[in-house]
Structure formats: structure tokens, C-alpha cells
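This report concerns only the one structure given below.
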Amino acid sequence: MSSATTTEASHGAHAEAHGHHPPFLQHHFDTPAHQFDAAKMGMWIFICTEILMFGGLFVAYGLFRGREPEIFHLAHERLDKIMGAANTIVLLFSSLTAALAVRQSQVGDRKGTTRWLIITLLCACVFLVVKYFEYTHKFHDGLLPGTHFRAHLPAYAHHGHTLPYRAHMFFALYFMMTGLHGVHVLVGMGILTWVLKRNLRGEISKEYFTPVEIGALYWHLVDLVWIYLFPLLYLVG
Amino acid sequence: MSTATNEHHADHSNDDGAVHAHVSSPLFMIGIFATLIVLTIVTVAVSYVDLGSANSFVALLVATLKAGLVSTFFMHLRWDRPFHALVFIFSFVFLAIFIGFTNDDLSTRGEIDPNNGVHVLERSGAVAPGGIQVPAAPPATPGHETHEEHH
């Protein structure tokens, strides 16, 4: 996969290379490999900070659930397990298609990259549509958190049962965690659209597929977060 | 030099400056995806069986297996520089520190307010700053003020 047709005259020679750099190589990098490694390391450190940002919500979840296990169990029954599972499968599939987009870009198949990127974006749309139906249903049931919570009132009883008022904490966490994740889905769609645009412009090649690789890493992160959100919110034991 | 076709040696032995990343076969990736789906089905199935506290343990174990598969193969950590895997693993170490210390702090003070689920001040019994007032259920329950006096 690596016939570097344009470049480098000899091992480790960089001083003279400025005039002969391929167009994608920024001048402060010695070689394409150098640039690729720098991009990836930056992305992994960013992924670490993302995990820690979601970490705050996971900590809040763990503490409240530890104190109110029965409330969490009662409240989680108001979520739709089947919709959650369907969305899990959609996101896992989109991770596969994102990985396939990277793979096709690595072998220089521009059309294949375009195809898999579009399918990944469509999966993201499906995910958001399902989420939209879930959210509107929660709004309708008075399950908004804080002072907007109504599910403790008889008028909002579900199969004859009301929730205790303090179940609003579960929904506060539900909306914050899935909401922040949803924002990441939107940002990921933006990034993948940008990658798709560059690919269509012919800026992606098997010598330079860094944008596809980094964009896909972000998309896999979105998937990773959901992998934990799904059992924690929808499958409370 | 430039036309040397040293294919598929995704390691440091290549020194021509070009990017040498591992290329997975599509079939292998579909295999990983199928495993992820099977694990999802397992975790949903287990949620219908009452295993007591083991339910959460199984759910988190399966989630971690899935996260491991995605990061190792779809995110290429298997073939990447070990430093990237180290960064990834350490984010979870820091998360564990975060959870551990916060839990230690919160489990050694205060009480839970029966309505709000937030802490009340230990000495006076008053609601700690930042709590939420229970919205007055139009005709149903009495207001929150009287409740607070009752403490």
C-alpha cells in the first residue's frame, strides 16, 4: 500500500526535501509518516479528554445510582429498551462502515470511501430520528428533569403508577448523558461531511488518508460512549 | 527507493517516510461487527433475567468487551503505536481516580433529601445550596416550604 511515488530521496534526509514535498505534507513535518503519527497522537489525547468529560456524568450517575438503586430501577422502566437496542445496532453498524471507509481510502478506492462515508452519515441520521421519537415521548410523559418533572402527579400516571418525585434525577442524567452524546453525533456528522467533501475533491489518496482516519476515530468514540450509555440507562438491573 | 514495494510490513522496519498503516480485510471487520451484535443481544437478553447485583456486573463486562473490540480493531490500536493504547487506558485510570475520590468524599457526609435526591446540610437539616424546589402539584400535595419547616 505504500509506493511513495513522489518523495524522499534518502533515509532521514529532510533538509533538502522542502521543494519536493507532496502537496498534502505541511512544511514543518519531515515525512508523511511523521505527519500521520502527529495527527494520530493528537487525536488520541483528545479522545482521552473526551472520555474524561463524559466521565463527570458517569461519576454523577454512579453516585446517584449507588444511593437510589430502587428509584433508578423504577425510572429506567420508562425508557424503551427496544429503541435503545435498535440504536445500539445502528451505531455499531456505522462504526463498521466508518472503518470500511478508512480501509477503502487506505487502498486508494475513492468511490468506495465515498460510499461508506455516506452510509455512515445515513446511520447517524437514523440514530437521531430514533432519538427524536424517544425524546418527544419522554416530554409527553412529563419525564423532563428538575422543576419540569410531572410524572409524580396522578394525571401523568403510567399504567396506574406514578413515579416518586426524586426519580427526576434519573431523567436529569438521562437527558444530560444522551444529550451530550447527541451533540457528539451532530459534530461527528459535521466532521464526516467535511471528510466526504475532501474525498470528493480528490484530496484523499492512499498516501494521504489522515482526515478519513481521524474522522473515523472521532466517530468510533461516539460509538464507544453509546456502548456504555445503553446498558447504564436502558438496562438497569 | 521510492518504487520499493515493501507491502504490508506495518512496522518500524520501513524507513522511507511514507505512511505504513495496517489494512484490515473487510471480512475480518464484518466478523468483529457480528461479534459486537452478538454481545449486544447477550446483554439485552441478560437484562430480562434477574441475577440480582450480578446484572450490572454482566452489563458492564459486556460493554467493556465491546469497547475493547471497537478500540482494538476498528480504531486500529492493535497495530498502532503502543503509546496511543497507553493514553487510552490511562483515561480510564484517571476516571477511576475521579470516581473513587468523589465517592469517598460523598459517602462520608450529609444526607439525601427525600424529595430532591440532593444533600441537606448535616447539622441544620436545611437543604444544601443548589437543590431544586418540588413544583407545587396544583391541587395535590402541599408546598415545599412547610415540608422544610417540618425538618
Subject >> Subset of segment A:106-140 [over 18 Å from A:His181 (Cα atoms) and among the aromatic types (Phe, Trp, Tyr)] >> reply: A:Trp116, A:Phe139
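Modelled with pLDDT under 95, surrounded by fewer than 22 Cβ atoms within 10 Å (Cβ to Cβ), of a type in the set (Phe, Trp, Tyr) and in a helix (DSSP H, G or I): is that true of A:Phe133 in this structure?
Numbers: modelled with pLDDT under 95: no; surrounded by fewer than 22 Cβ atoms within 10 Å (Cβ to Cβ): yes; of a type in the set (Phe, Trp, Tyr): yes; in a helix (DSSP H, G or I): yes.
So A:Phe133 does not fit the description; no.
Quickly run through segment B:93-110 and pick out the residues that are more than 7 Å from chain A (Cβ to nearest Cβ) and either at pLDDT 90 or above or in contact with a Ser or Thr (Cβ under 8 Å, 6 or more places away or on another chain) (or both).
Within segment B:93-110, B:Val93, B:Ala96, B:Ile97, B:Gly100, B:Phe101 qualify.
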Original post:
Does B:Phe33 meet the test of being over 25 Å from A:Pro231 (Cβ atoms), at pLDDT 95 or above and touching a Phe, Trp or Tyr at 6+ places or on another chain (Cβ under 8 Å)?
Top reply: no
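Tell me, yes or no, whether segment A:172-186 has at least one residue that is within 12 Å of chain B (Cβ to nearest Cβ) and either at pLDDT 95 or above or out of contact with any Leu (no Cβ under 8 Å at 6 or more places or on another chain) (or both).
Filtering segment A:172-186 down to residues within 12 Å of chain B (Cβ to nearest Cβ) leaves A:172-173.
If we keep only those that are either at pLDDT 95 or above or out of contact with any Leu (no Cβ under 8 Å at 6 or more places or on another chain) (or both) too, we end up with A:172-173.
Within segment A:172-186 (the criterion being within 12 Å of chain B (Cβ to nearest Cβ) and either at pLDDT 95 or above or out of contact with any Leu (no Cβ under 8 Å at 6 or more places or on another chain) (or both)), the answer is yes, since at least one residue qualifies.
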**OP:** Mind checking which helices (runs of 4 or more DSSP H) fall wholly inside segment A:27-108 and carry at least 1 residues that are at the interface with chain B (Cβ under 7 Å from one of its Cβ atoms) and under 27 Å from A:Ile191 (Cβ atoms)?
**Re:** A:32-67, A:81-106
**OP:** Answer yes if at least one residue in segment A:142-150 is within 12 Å of chain B (Cβ to nearest Cβ), in a helix (DSSP H, G or I) and more than 30 Å from A:Phe171 (Cα to Cα), and no otherwise.
**Re:** no
**OP:** Tell me which residues, restricted to segment A:212-237, are over 12 Å from A:Ala98 (Cα atoms) and either of a type outside the set (Val, Ile, Thr) or out of contact with any His (no Cβ under 6 Å at 6 or more places or on another chain) (or both).
**Re:** A:Leu224, A:Trp226, A:Ile227, A:Tyr228, A:Leu229, A:Phe230, A:Pro231, A:Leu232, A:Leu233, A:Tyr234, A:Leu235, A:Gly237
Original post:
Which residue pairs have Cβ atoms under 7 Å apart, sit 6 or more places apart or on different chains, and have a first residue in segment A:163-182 that is under 16 Å from A:Phe139 (Cβ atoms) and a second that is β-branched (Val, Ile, Thr)?
Top reply: A:Ala167/A:Ile71; A:Phe170/A:Ile71
**OP:** Report yes if some residue within segment A:209-216 is more than 21 Å from A:Leu92 (Cα to Cα), among the polar types (S, T, N, Q), surrounded by 15 or more Cβ atoms within 10 Å (Cβ to Cβ) and touching a residue at least 12 places away in the same chain (Cβ under 8 Å); otherwise report no.
**Re:** yes
Original post:
For A:Ala124, are the conditions met, namely being of a type in the set (Gly, Ala, Ser), assigned to a helix (DSSP H, G or I) and away from chain B (no Cβ under 13 Å)?
Top reply: yes
Subject >> Answer residue from segment B:43-76, given it is surrounded by fewer than 16 Cβ atoms within 10 Å (Cβ to Cβ), within 22 Å of A:Gly237 (Cα to Cα) and small (Gly, Ala, Ser) and is farthest from the other protein chains (Cβ to nearest Cβ) among those >> reply: B:Ala45
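The values are calculated or read from the model by the stated rules, or taken from the named source; none is laboratory data. Remember, it's a predicted structure, so these values are computed and weren't measured experimentally. Backbone-built Cβ (ideal geometry, glycine too); neighbour counts: all protein chains shown.
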